[in-house]
1. Step by step: first the residues of the range 217-227, then only those that are crowded, with 18+ Cβ neighbours inside 10 Å and over 15 Å from residue 165 (Cβ atoms), then the one that is modelled with the highest pLDDT. Which residue is that?
2. Condition check: in contact with a helix residue (DSSP H, G or I) (Cβ under 9 Å, 6 or more places away or on another chain), at pLDDT 55 or above and either outside any loop (DSSP other than H, G, I, E, B) or within 25 Å of residue 303 (Cα to Cα) (or both). Does residue 133 satisfy that?
3. Has the range 153-176 got any residue that is at pLDDT 90 or above, in a helix (DSSP H, G or I) and within 27 Å of residue 82 (Cβ to Cβ)?
4. Test residue 62 against the criterion of being at pLDDT 85 or above and either in contact with a helix residue (DSSP H, G or I) (Cβ under 6 Å, 6 or more places away or on another chain) or assigned to a loop (DSSP other than H, G, I, E, B) (or both), and give yes or no.
5. Tell me, please, whether a residue that is touching a strand residue (DSSP E or B) at 6+ places or on another chain (Cβ under 7 Å), part of a helix (DSSP H, G or I) and modelled with pLDDT under 75 can be found in the range 288-303.
6. Return the residue satisfying two criteria in turn: it lies in the range 91-106 and is closer than 16 Å to residue 305 by Cα and crowded, with 16+ Cβ neighbours inside 10 Å, and of such residues it is modelled with the lowest pLDDT.
7. Are any residues in the range 177-186 touching a residue at least 12 places away in the same chain (Cβ under 8 Å) and part of a helix (DSSP H, G or I), and if so, which ones?
8. I want to confirm something. Restricting to the range 243-257 and keeping residues that are part of a strand (DSSP E or B) and in contact (Cβ under 8 Å) with a residue 60 or more places away in the chain, which single residue is surrounded by the fewest Cβ atoms within 10 Å (Cβ to Cβ)?
């Protein structure tokens, strides 16, 4: 009898493990199916919410081999400008991640500053001077450290700095990241004779680039004499601030590539409760003009990678021009 009971218990345990295995497999398949459905529905939902016309490249066929950045900042999105800045960002990120031992600039570019925080390897931004276009190029990297990810998910709002405007609030983590580079950027612009500024960033760097652009415009006398012509292109940016910040920068040349299969641009959630000092603050919004496309890249992580965005720019993907509801 004991042997029979032991055999019965063993068979029961084996059957339980088999059913658990089947259950986990089914659960995994359901989650995969739900993620595919979610990506598809999110793409359709984003397009339903889109406001405005289809935005197409305005200067002919995309040319990835273009050697010079256009001298005149275009009034609407130019695919060749995006590709040129994207190339500079890729070179910079290859240096940050150690794929290349030094930053490899184009022949027309001169490195003015490489900003790091803490260790020399914790690089957050680079400032270039581009002689061909008579412009300054400022690039911000995406999230690569635990501190970066903390800034990504830090959802408290605070007044825009260094100059506050009534009701204008931005994400405190993104603003803290920007101020790591601000002093060096200030010095570079002060010492440059150029008054055209191109700004680009990916992910966290995209949100920081948006704040940088607003700062240069708002405090141009602090950065140098005269005003600046600023053109900003960002990739995979999370939401940067509240409704009043969106209104604050609405007249700027600020273009955001956003993959509707990428989860990062929907963070912080638009209706996410944000408490500061015991008071509920405004919902988060995207600033500027959104250029939306759909590229799932086989996974949620892949949809956020720079390669997914680069493919959309190179292929001249039809982009929905989207401005968040200002009501």
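1. Among residues in the range 217-227 that are crowded, with 18+ Cβ neighbours inside 10 Å and over 15 Å from residue 165 (Cβ atoms), the one modelled with the highest pLDDT is 223.
2. no
3. Yes, the conditions are met somewhere in the range 153-176.
4. Judged against the criteria, residue 62 is not a match.
5. No, there is no match, as no residue in the range 288-303 is touching a strand residue (DSSP E or B) at 6+ places or on another chain (Cβ under 7 Å), part of a helix (DSSP H, G or I) and modelled with pLDDT under 75.
6. My answer is 96.
7. Residues satisfying the conditions are 177, 178, 179, 182, 184, 185, 186.
8. 253
The values are calculated or read from the model by the stated rules, or taken from the named source; none is laboratory data. Worth saying up front: this structure is predicted, and the values here are computed from it rather than measured. As a convention, Cβ positions derive from the backbone with ideal geometry for all residues, glycine included, and neighbour counts pool all protein chains shown.
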